[in-house]
Every structure is written in C-alpha cells, then in structure tokens.
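Asks: So that we are looking at the same thing, I have put the structure below in structure tokens.
Just so it is clear, none of the values below were taken in a lab; they were calculated from the coordinates. Only a predicted model underlies this, so the values are computations on that prediction, with no experimental measurement involved. Cβ: placed from backbone, ideal geometry, glycine included. Neighbour counts: every protein chain shown.
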Ligand SMILES: [Zn+2]
C-alpha cells in the first residue's frame, strides 16, 4: 500500500462503490435518479437508462460516493508521507463542480496520480494551490449528475505534473489522465493501492496536533528556560546601558 485514504467528509454514509451501477439518467432532461432498489440489478424508471453502462458507456461507477450534508467541508483525505499536491478546479457540462488534486511526485507502482472530488457546492482552492493532507478543498453539494448531496472521489493515473517558476509565481503544467479507455475513463479502485480508514481526515489532523502539543512542554522545557535566561540578560544589558548614559550625562554636567 502506498498510503492511507481517510474519509474526506464528516458524514459517514457510503452509498456507491467502485464498479457499481446504481444510478439511472434521463438522457433528454439529464436528470439522474437511483435505481429501485438502489443496487446494480435495480430497475430504472420509464424513460431512464443506466447512467454508467448505457449513457456514459463505462463498465461502472468510477469512484466512491458518500452521502454528505450540504455545504459541509470536504478535506483532502490522502496521506502519503512527504508528498506534495496541487489543486485544479473544474466545472463539467452538467454544472458539476469538482477539484482535482495532483501529486507533484511519482507514487511507487502508480507513477503520477490525481484524486478527483466532485458534485461540490464550491471549491475552496485556486488553480495551482499547494494542498496538504487535511486541507479544506471545497464544500459538499449535489451539483452535476447527482441524485442527492454526496461527495464522489476517485483515483486516476496521469502524466507528470510540474511547476515552473514564472516571475515570482509558479505556473503549473498539470498531468494528463492515462489509460482513458480502461472502462472507467482512467479511474482505478483506490482501495487496491491505498489503505482506507473510515475516519474523517480532519479528526486525524486534530489528533496529530493534540499529540504534538502534548509532547511540546516536555521536549522544550530546556529551550524555554534558556530563552528566559537570555531575556533576563538582555534586560540587564538595557538597564546597564541606560545607567551608563545617565552617568555620561552627569559627567558632562560636571565638566561645565
Ligand atoms: Zn460517484
């Protein structure tokens, strides 16, 4: 496993996995609904067809769907030590708001990758923004081809993503999706490459900060004591300098 994926939202309601096909679309109105019952073998209403297998000509759903509360924060949930990530915004033709987060280094066995997050109310990142584990990247919603508020996320392999210095700023050359014809528009089941831990990524970050704080007083007591000593020394120096100045003034007065 190359890293850990936590849950990007606080809501804990899994609704559709990789490769499943529980959704239907009316190709005229572009409205999407869940099959009845919401399973691969469920039935689409009259006028509707299977969203993935018929309308999008895919082998199934290209990522994972988790039910969300409208406008709840979506945080970047992928934890690979020392990896740098960079964000890019998208809006699809059905009004779906999405954020892609690209790796700036190759991942062992996978190469360059990106994680997509879709159906957002809005993005919280700008194109080219450096993103790290636990950063808020957007707010949950139901934009685009979506039956209800949820976050869709998926893994894709890409060509190299690079940042080029451009004056004081950087210009990003985002990688292009590889294996587009794999039946999932290049998407892979991230659970085959990453450990999935069903805990909100934000809780993991909070826990790490709490642990770091708990360690702080013990490891840094000596440093603080040394700094306090230096403050005393500097205060004394200032006092001495002030006294010397006063003495010089006094001596000047005497000479006159
Ligand atoms: Zn989805």
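Asks: For the stretch 173-203, name all the residues that are under 18 Å from the mean Cα position of the chain (by Cα), surrounded by fewer than 19 Cβ atoms within 10 Å (Cβ to Cβ) and either at positive phi or not in a loop (DSSP other than H, G, I, E, B) (or both).
Replies: Listed by number, the residues that qualify are 191, 195, 196, 197, 198, 199, 203.
Asks: Mind checking which residues of the stretch 47-61 are touching a helix residue (DSSP H, G or I) at 6+ places or on another chain (Cβ under 8 Å) and within 16 Å of the ligand (Cβ to nearest atom)? Lay out the reasoning, then the answer.
Replies: Applying the first criterion (touching a helix residue (DSSP H, G or I) at 6+ places or on another chain (Cβ under 8 Å)) to the stretch 47-61 yields 49, 58-61.
Passing the criteria: 58, 59, 60, 61.
Asks: Tell me the strands (runs of 3 or more DSSP E) entirely within the stretch 67-158 that contain at least 2 residues that are away from the ligand (no atom under 14 Å from the Cβ) and under 24 Å from residue 169 (Cα atoms).
Replies: Numbers: elements: 73-75, 85-91, 97-103, 113-118, 120-123, 136-140, 150-157.
Ranges flagged: 85-91, 97-103, 113-118, 136-140.
Asks: In the stretch 112-119, is there at least one residue being in contact (Cβ under 8 Å) with a residue 24 or more places away in the chain and surrounded by fewer than 19 Cβ atoms within 10 Å (Cβ to Cβ)?
Replies: We begin by selecting, within the stretch 112-119, every residue in contact (Cβ under 8 Å) with a residue 24 or more places away in the chain; these are 112-119.
Among the residues that remain, those that are also surrounded by fewer than 19 Cβ atoms within 10 Å (Cβ to Cβ) are: none.
Scanning the stretch 112-119 turns up no residue that is in contact (Cβ under 8 Å) with a residue 24 or more places away in the chain and surrounded by fewer than 19 Cβ atoms within 10 Å (Cβ to Cβ).
Asks: Identify the residue in the stretch 32-41 that is within 16 Å of the ligand (Cβ to nearest atom) and in a loop (DSSP other than H, G, I, E, B) and, among all such residues, is surrounded by the most Cβ atoms within 10 Å (Cβ to Cβ).
Replies: Ranking the qualifying residues of the stretch 32-41, first place goes to 35.
Asks: Follow-up. Are any of the residues in the stretch 11-30 within 24 Å of residue 195 (Cα to Cα), within 13 Å of the ligand (Cβ to nearest atom), outside any helix (DSSP H, G or I) and touching a helix residue (DSSP H, G or I) at 6+ places or on another chain (Cβ under 8 Å)?
Replies: The answer is yes; a qualifying residue exists.
Asks: Something else: Any residue at all in the stretch 126-137 that's in contact (Cβ under 8 Å) with a residue 40 or more places away in the chain and on the phi > 0 side of the Ramachandran plot?
Replies: yes
Asks: Scan the stretch 81-97 for residues that are surrounded by fewer than 19 Cβ atoms within 10 Å (Cβ to Cβ) and touching a residue at least 60 places away in the same chain (Cβ under 8 Å) and report the count.
Replies: The total comes to 3.
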